[in-house]
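In what follows, a single structure is set out as structure tokens and then discussed.
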Amino acid sequence: MTASPTAPVPHEGPLLSVRNVDIGYRTGRRTLLTAVHDVSFDLHPGQSMALVGESGCGKTTLGLGLLRLLPRTGLVSAGEIRFRRKDGTTVDIRSMAKEDLRRFRWSEAAMVFQGAMNAFNPVLRIEDHFVDTFRAHETGRPRRRREILEESAALLEMVRLDPARVLGSFPHELSGGMRQRSLIALALALEPQLLILDEPTTALDLLTQRAIVERLCELREALRFSMVFITHDLGLAAELADRVGTMYAGRLIETGTTRDIFHRSRHPYTSALIGSVPPISGDLIVPESLPGSPPGPSSPLPGCSFAPRCGHAVDLCRERRPEPEVLHARGDGLSHTVACLRSRELAAEGATRD
Ligand SMILES: Nc1ncnc2c1ncn2[C@@H]1O[C@H](COP(=O)(O)OP(=O)(O)O)[C@@H](O)[C@H]1O
Ligand SMILES: [Mg+2]
């Protein structure tokens, strides 16, 4: 890969199309706890979507499920995850054969986790991770190590790391921020069209966080990959994403452009979260107006799962589950959708942020 911008792939339609996806964890021979319910969204080429919500709402499960990286007990139990491949064909990731899936990961879609330390093999130098990644996806004649290292150096420079220092180091010899950048460089090595980042900067200090986020914005501009950015930091979401999806108790309860979500949010939960953002980018603090905690997967509720904490809930909310409703349709995956039975009424009353 070179550091020069890749020409945008001519496209029609979404890169990733997620429809009615359920994801569960097996906790016994017959029990499947559903942690993600009925999630649908489209992600178009070059778009960046932030997934936000309190801890335990299913963000990581969804990210892992999209690339079939769930632990052995995890299972995508319903729905479709359609992905448009580099060759223009579309595949449902759920039905991909193992070998195909192995090639697909890294080269077409890659995931960066929060704990970069766990993503690296502690006994291998950073350069060996690059060599292994490139070699594992080679189809023709094996390339020379030197050639791979030159390319790896260019990738590390892209994330503003000094290759001379980093390539020969073991993961534990680098700071958290350097490891996280190295992992981002590695994830971009095979030019995937989709990068899923799960709280990639959460463990880092603010300055390092800022530097990584700025770099990610620039790289996305230059390389035009699509991104799903999982975070509980709304400040980061606002900065990095063109659209935001709010998750609550395993459901995507509101999606829209970043502007829609921050200025015209229509779900009382999103509105409460946004009202709780501290003035400077920081961690998502659950507002005092939102006592209690989200229901876990073991206690599904008949109606809206937010109803017990919602100041606007009426009896109907506790009885009927709200389906996502399109408020403002757009063909490019940027529709504003909300799952709240009272969203129109509340907007009319000025109770949400519309
Ligand atoms: N390996 C697992 N086995 C069983 N339950 C899990 C597992 N991982 C996550 N969960 C449950 O799934 C729900 C969603 O978790 P997670 O996806 O980690 O949320 P988030 O990333 O938003 O914090 C939680 O209730 C969590 O306890
Ligand atoms: Mg998580």
Where a residue in segment 126-141 is over 18 Å from L161 (Cα atoms) and its partner, wherever it lies, is open to solvent by 20 Å² or more (accessible area, probe 1.4 Å) and part of a helix (DSSP H, G or I), with Cβ under 7 Å and at least six apart: T133/W106; H137/R103; H137/W106; H137/S107
Here is a check on your reading of the model: is E323 open to solvent by 20 Å² or more (accessible area, probe 1.4 Å) and assigned to a loop (DSSP other than H, G, I, E, B)? yes
Is it the case that R103 is basic (K, R), free of Cβ contacts under 8 Å to residues at least 60 places away in the same chain and on the phi > 0 side of the Ramachandran plot? no
Working only within segment 224-254, note down all residues that are within 16 Å of ligand 2 (Cβ to nearest atom), farther than 10 Å from Q47 by Cα and not in a loop (DSSP other than H, G, I, E, B). F229, I230, L234, L236, A237, G245, T246, M247, Y248, R251, L252
Regarding T257, is this residue over 29 Å from V166 (Cβ atoms), of a type in the set (S, T, Y), modelled with pLDDT of 90 or more and within 16 Å of ligand 1 (Cβ to nearest atom)? no
Have a look at L188, L207 and point out the one that is out of contact with any strand residue (DSSP E or B) (no Cβ under 9 Å at 6 or more places or on another chain) and either more than 16 Å from ligand 1 (Cβ to nearest atom) or closer than 26 Å to R103 by Cα (or both). L207
Search segment 36-76 for residues being small (G, A, S) and more than 16 Å from ligand 2 (Cβ to nearest atom), and hand back the single one that is farthest from L223 (Cα to Cα). S40
Matching residues in segment 19-75 (within 12 Å of ligand 1 (Cβ to nearest atom), in contact (Cβ under 8 Å) with a residue 40 or more places away in the chain and among the small types (G, A, S)) number 9
Among the residues of segment 87-107, write down those that are in contact with a Pro (Cβ under 9 Å, 6 or more places away or on another chain) and over 17 Å from L70 (Cα atoms). S107
Does segment 223-254 hold any residues that are open to solvent by 10 Å² or more (accessible area, probe 1.4 Å), more than 14 Å from ligand 1 (Cβ to nearest atom) and basic (K, R), and which are they? R224
Identify, please: which residue in segment 85-111 is assigned to a strand (DSSP E or B) and either farther than 29 Å from T270 by Cβ or within 16 Å of ligand 1 (Cβ to nearest atom) (or both) and is, among those, nearest to the chain's Cα centre (by Cα)? M111
Just checking, which of K98, K59 is of a type in the set (K, R) and open to solvent by 40 Å² or more (accessible area, probe 1.4 Å)? K98
Report those strands (runs of 3 or more DSSP E) wholly inside segment 10-73 carrying at least 3 residues which are of a type in the set (A, V, I, L, M, F, W, C) and closer than 17 Å to L197 by Cβ. 48-52
Restricting to segment 329-345, count the residues that are assigned to a helix (DSSP H, G or I) and crowded, with 21+ Cβ neighbours inside 10 Å. 1
Of all residues in segment 136-165, how many are touching a Leu at 6+ places or on another chain (Cβ under 9 Å) and exposed (fewer than 14 other Cβ atoms within 10 Å of the Cβ)? 2
Conditions (1) in a helix (DSSP H, G or I); (2) open to solvent by less than 30 Å² (accessible area, probe 1.4 Å); (3) under 21 Å from A203 (Cα atoms): number failed by R181: (2)
Any idea which of (1) open to solvent by 40 Å² or more (accessible area, probe 1.4 Å); (2) among the polar types (S, T, N, Q); (3) under 22 Å from R68 (Cβ atoms) is the one T133 doesn't satisfy? (1)
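The values are calculated or read from the model by the stated rules, or taken from the named source; none is laboratory data. Small disclaimer: the values here were computed from a predicted structure and weren't measured. Glycine also receives a Cβ, built like all others from the backbone with ideal geometry; neighbour counts cover every protein chain displayed. Ligands, DNA and RNA are stripped out before the accessible areas are found, and what is left, the full protein with its side chains, is counted by its heavy atoms. Shrake-Rupley method; radii C 1.70, N 1.55, O 1.52, S 1.80 Å.
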